[in-house]
Amino acid sequence: MDAYALLLGSTLTAGTILALAALGLLINERAGIVNLGAEGMMLCAAIAGFATVVHSGSTWLGFVAGMAAGAALALVFGWLVIWLNTNQYATGLALSLFGVGFSAFVGINYVQAKMPASPKYGIPVLDDLPVVGKALFTLHPLVYGTMVLAAVMVYFLYRTRAGLVLRSVGESPASAHALGYPVRRIRLMAVVFGGALCGLAGAFISVVYTPLWVENMVSGRGWIALALTTFATWRPARVLLGAYLFGGVTMLQFHLQATGVQVASQLLSMLPYVATIVVLAIMSRNPTWIRVNMPASLGKPFYPGS
């Protein structure tokens, strides 16, 4: 029983990474912008957050540095695709490749660096519960904060005027522009916010999840987060559930190894990516359902003068 409770706790932690990045990308796509640079932003944020914690000793400053790094890269991306109308897919891929190389170059001096010991977290009373207490109520505060963030985003998108405007920009930017809304500015703010959340996810990896720096340590999670937005049909609550599903698949490989299951480690390492492909393949069987839920202007440039 303790082993399964521990698996559940580690699933929530692993899913937090995907949830943060996917929620940021969801805001981007709700505004009509596709950013394929999540992997690169997360890697740059991971080294920025890790280096900040090494030099300052503050985990929370590391998160701020990671968010700043992700937002800065997203700002450049937004300027290119929103104001200069470069191809969103090509620009996003370029950003991802840049992030992989730049983070590896900057992180050379931090491969052997060590962070100060992390404090212990726990929710009073609840962390003393048998079986589930230590597994579910001693997690990092950001794990619980991500759940709150998903709820806030549901309220923002479907219960506020600002959320309605954001969705209208993604559905019909020409109509939103005709009504006097600054489409480009709204899209840029959405892109920067999404980049900040991707940066927070990257910093969470290097500061909390695996507190060290290793080249390419994001290991494809940015691409899984991109797939997760489609899997969730662009809805925050479904993003959260999907993130925990993929997080559980990720942690299952370690659980199986710990229980002595005789399966090749390489095969177990493939599980998260195989699950992603299988889910997308199943969803693609009904393209009409995807088109109905997908923002109408997703990936399309907007020309105010047209």
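In nm, what is the difference between 0.36 nm times the number of residues separating Val274 and Val106 and their Cα-Cα distance? My answer for the length gained is 57.3 nm.
Taking 8 Å as the Cα distance limit and 6 or more residues as the minimum spacing, I'd like the relative contact order of the stretch 202-294 as a percentage. Let's see the in-between values first.
Working: 47 pairs, mean separation 25.6, N = 93.
Relative contact order here is 28 percent.
Shown for the stretch 177-219 is the translational diffusion coefficient from the Stokes-Einstein equation, using the Kirkwood radius over Cα pairs, a temperature of 4 °C and a viscosity of 1.567 mPa s: 104 µm²/s. Among rounded, prolate and oblate, which fits the stretch 86-174 when a ≥ b ≥ c are the square roots of the eigenvalues of its C-alpha gyration tensor, a/c under 1.5 means rounded, and a/b larger than b/c means prolate? Note, shape of the stretch 86-174 comes out oblate. Long hydrophobic helices in the chain: the complete DSSP H runs spanning 24 Å or more by Cα along their own axis with mean Kyte-Doolittle hydropathy of at least 1.0 are 2-30, 38-56, 59-78, 88-106, 141-159, 183-204.
Just flag the trypsin sites (Lys or Arg not before Pro) in the stretch 214-306 sitting in loop per DSSP whose Cβ has no more than 12 other Cβ atoms within 10 Å.
Arg285
Taking 0.36 nm per residue of separation and subtracting the current Cα-Cα distance, fully stretching the chain between Asn286 and Trp60 would add 77.1 nm.
Taking a point 7 Å out from the Cα of Leu97 in the direction of its Cβ, the residues of the stretch 35-70 whose backbone N falls within less than 20 Å of it are 35-45. Could you tell me which of rounded, prolate or oblate describes the stretch 2-93, using a ≥ b ≥ c as the square roots of the eigenvalues of the alpha-carbon gyration tensor, with rounded for a/c under 1.5 and, failing that, prolate when a/b is larger than b/c and oblate otherwise? Judged from the Cα gyration tensor, the stretch 2-93 comes out oblate (a/c at least 1.5, b/c at or above a/b).
Using C-alpha pairs below 8 Å separated by at least 6 residues, the relative contact order for the stretch 152-214 is 15 percent. Between the listed residues Thr230, Tyr244, Val274, the Cα displaced farthest toward the positive end of the dipole of the stretch 161-306, a dipole computed from Cβ unit charges relative to the Cα centre, is found at Thr230.
Binning all Cα-Cα separations of the chain at 20 Å, short to long from zero, yields these whole-percent fractions: 33, 57, 10, 0.
Using only the alpha carbons of the stretch 31-185, what is the convex hull's orientation-averaged projected area in square nanometres? Average projection, Cα convex hull of the stretch 31-185: 12.5 nm². Ordering of 81-90, 165-174, 43-52 by packing is 43-52, 165-174, 81-90, highest average first (other Cβ atoms within 10 Å, averaged per residue).
Compare the Cα positions of Val207, Met153, Val169 along the charge dipole of the stretch 112-235 (+1 at Cβ of Lys, Arg; -1 at Cβ of Asp, Glu; about the Cα centre) and return the one farthest towards the positive end. It is Val169, whose Cα lies furthest towards the positive end. Note down the Stokes-Einstein diffusion coefficient of the stretch 226-306 in µm²/s, whole number, using a Kirkwood radius over alpha carbon pairs, 37 °C, and 0.692 mPa s. In µm²/s, the coefficient rounds to 220.
Per-residue packing, averaged as other Cβ atoms within 10 Å, sorts the ranges 179-187, 117-125, 193-201 into the order 193-201, 179-187, 117-125, beginning with the highest. A Cβ-based charge dipole, computed about the Cα centre of the chain with Lys and Arg at +1 and Asp and Glu at -1, lands at about 800 debye. Projecting the alpha carbon convex hull of the stretch 165-306 along each direction and taking the average yields 11.1 nm².
Between Val214 and Ile123, the modelled label-to-label distance comes to 3.1 nm, taking each label 7 Å out from Cα in the direction of the beta carbon.
None of the figures in this text is laboratory data; all of them are computed from the coordinates on show. Everything numeric in this text was worked out from a predicted model, so none of it was measured. We place every Cβ from the backbone using ideal geometry, glycine too, and count neighbours over all the protein chains shown.
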